[in-house]
There are 2 protein chains.
Amino acid sequence: MAAAAGAGILPPMDAIDPPGRPTLDPTALDPTALEPGALDPTALEPGALEPGALEPGALDRLFREARTAYAWKPDAVPDDTLRALHGLLKMGPTSANCSPARFVFVRSDEGKAKLKQALSPGNVEKTMSAPVIAIVAHDPKFYDELPRLFPHADARSWFAGNWSLADTTAFRNGTLQGAYLILAARALGLDCGPMSGFDNARLDELFFAGSGWKSNFLVNLGFGVWGPEYTRAPRLSFDEACRLA
Amino acid sequence: MAAAAGAGILPPMDAIDPPGRPTLDPTALDPTALEPGALDPTALEPGALEPGALEPGALDRLFREARTAYAWKPDAVPDDTLRALHGLLKMGPTSANCSPARFVFVRSDEGKAKLKQALSPGNVEKTMSAPVIAIVAHDPKFYDELPRLFPHADARSWFAGNWSLADTTAFRNGTLQGAYLILAARALGLDCGPMSGFDNARLDELFFAGSGWKSNFLVNLGFGVWGPEYTRAPRLSFDEACRLA
């Protein structure tokens with residue numbers, strides 16, 4: 001991936017959230033960009049919630065009050081929690097159950113020292129202080145598992161001879177699984193700091209020389225610390241991002 | 001995207017789940033591929049759950065008992081629910097808050113007739129019978145919104161001159177937002193049927209000739225109907241998909 005203009009300030013792809021902790025000027029935000037009541041747990045009540053919906057506190061935990069973390073409490077994340085995390089996220093849907101995502105949970109001093117070599121400078125502090133960093137990757141040869149994962153048909157043959165289709169499928173579905181990881185972590189009581197600010201090729205050399213896995217993005221995991229100055233950035237409104245047809 | 005071998009049986013990319021309703025032979029599945037207790041709501045209890053975790057029923061609703069739907073109850077999905085759905089999913093994290101995803105919620109007879117022209121034949125029945133079909137798309141020029149969405153820096157300039165970076169960022173983050181849609185729908189009590197089985201270029205001609213948006217995948221939305229024969233396919237175990245470092 002070529003470097004973007006401005007890479008000296010903020011590395012390209014650095015960027016599910018930017019490096020460092022943004023200090024937003026709240027007056028710079030357009031208050032109309034947050035729809036009225038969008039963060040109000042009661043805003044969905046008037047007839048919009050279906051009977052099977054989660055209770056409002058769970059919607060807050062997953063979406064409405066969840067924030068990207070840049071600073072961390074010192075509490076460790078037990079390996080059992082990481083196993084529980086995978087036990088949830090792996091149940092999310094993927095194309096023909098292809099499940100291409102692979103994960104490395106970096107939490108030892110040695111693992112962090114290795115990862116540090118691939119990080120953008122602006123991401124080092126927040127990442128090294130996180131209890132765990134999940135490398136979200138995918139196996140480009142995910143299709144070799146399809147005879148077991150998708151026994152309905154000879155799904156391996158759709159991908160084995162078609163690099164372009166396999167590559168797009170691995171990236172799309174590995175990314176879906178990365179999003180399932182983010183939301184499964186929140187569902188388990190963890191906070192997340194996802195980011196793309198690292199050198200993918202260098203990380204792949206350091207961690208995946210034997211397996212051929214390809215890194216996609218990183219998710220810092222732990223228990224976040226937030227300050228009062230940390231204002232949520234605006235989102236597009238329904239009418240800006242959605243159409244009814 | 002070139003057609004894969006086997007496209008006559010199952011169109012390529014047809015396939016966050018396959019067309020039609022799979023009739024799995026349960027004896028074809030490797031029972032060891034499901035980790036012991038993975039679907040047991042009590043399996044996470046022994047010390048693995050953090051204090052902020054959702055209650056087990058919510059984890060079931062989101063991940064453990066949620067299934068891709070192929071058949072639907074006749075109940076409509078109100079437009080207010082679709083607005084609530086976007087109100088949740090838009091809060092999920094994206095790279096520099098770039099929020100590239102765009103959504104079309106197809107639920108009128110005219111909209112469905114238009115969409116039908118782009119569907120793979122095997123996906124027509126399950127899709128036309130769904131109360132709503134969400135087209136998950138993205139705006140390749142998402143960066144024009146960055147001065148408002150990410151006022152911390154001149155983020156527009158990182159992407160405006162770099163087609164490859166913008167394209168990868170739109171696909172990765174639009175896909176993340178598509179996963180947020182799936183899990184937000186489940187959180188609101190809806191069931192989902194995500195799929196990739198359609199002609200993206202044809203859909204883009206039909207729906208996005210004016211906007212330049214690009215389709216990514218589809219998610220049927222409604223209230224699912226399941227039969228007893230519909231067995232869950234296996235998943236990779238933690239030791240197969242994950243490493244600790």
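Read-outs throughout are calculated quantities, based only on the coordinates presented, and are distinct from any laboratory measurement. The structure presented is a predicted model; accordingly, all values stated were derived computationally and were not measured. Don't worry about glycine lacking a Cβ; one is built from the backbone with ideal geometry, like all the others, and counts go over all protein chains shown.
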Quick calc, the stretch B:117-215, dipole around Cα centre from Cβ unit charges on Lys, Arg (+) and Asp, Glu (-), nearest 20 debye, gives 160
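A 30 angstrom limit on the alpha carbon distance is what I want to check against. Which of B:Lys112/B:Lys214; A:Lys141/B:Lys73; A:Lys214/B:Lys114; A:Lys73/B:Lys141; A:Lys114/A:Lys141 exceed it?
Correct reply: A:Lys141/B:Lys73; A:Lys214/B:Lys114; A:Lys73/B:Lys141.
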Could you pull out every residue, at least 5 positions away or on a different chain, whose amide H is within less than 5 Å of the one on A:Cys192? Hs are placed 1.01 Å off N in the peptide plane, and Pro or chain starts have none.
-> A:Ala69
Cut-off 9 Å between beta-carbons: net charge of the residues surrounding B:Gly52, Lys and Arg +1, Asp and Glu -1 | 0
Value of Rg to Rh for the stretch B:91-221 (Rh from inverse mean 1/r over Cα pairs, i.e. Kirkwood) | 1.00
Can you list which of the trypsin sites (Lys or Arg not before Pro) found in the stretch B:114-165 are DSSP loop residues with at most 12 other C-beta atoms within 10 Å?
-> none
Percent breakdown of C-alpha pair distances by 10 Å bin, ordered from the shortest bin, for the stretch B:149-245 | 11, 25, 34, 22, 7, 1
Here the stretch B:97-112 yields Karplus 3J(HN,Hα) values (6.51, -1.76, 1.60; θ = phi - 60°; whole Hz; Gly and Pro given as x) of 6, 6, 6, x, 5, 10, 10, 10, 9, 8, 9, 8, 4, 5, x, 5
Near the amide H of A:Trp72, under 5 Å away, which other amide H atoms are found, from residues 5 or more places off or on another chain, if H is placed in the peptide plane?
-> A:Val225
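Using the Kirkwood radius built from alpha carbon pairs, what does the Stokes-Einstein equation give as D for the stretch B:156-210 at 4 °C and 1.567 mPa s, in µm² per second? Write out the running numbers ahead of the final one.
Numbers: Rh = 13.7 Å.
For the chosen part, D equals 95 µm²/s.
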Return the sequence-ordered ³J(HN,Hα) values of the stretch A:171-188 in whole Hz as given by the Karplus equation 6.51 cos²θ - 1.76 cosθ + 1.60 applied to θ = phi - 60°, using x for Gly and Pro.
-> 5, 4, 7, x, 5, 3, 5, x, 5, 4, 4, 4, 6, 5, 4, 4, 5, 8
Residues whose placed amide H lies under 5 Å from that of B:Arg102, excluding near-sequence neighbours = B:Ala137, B:His138, B:Asp139
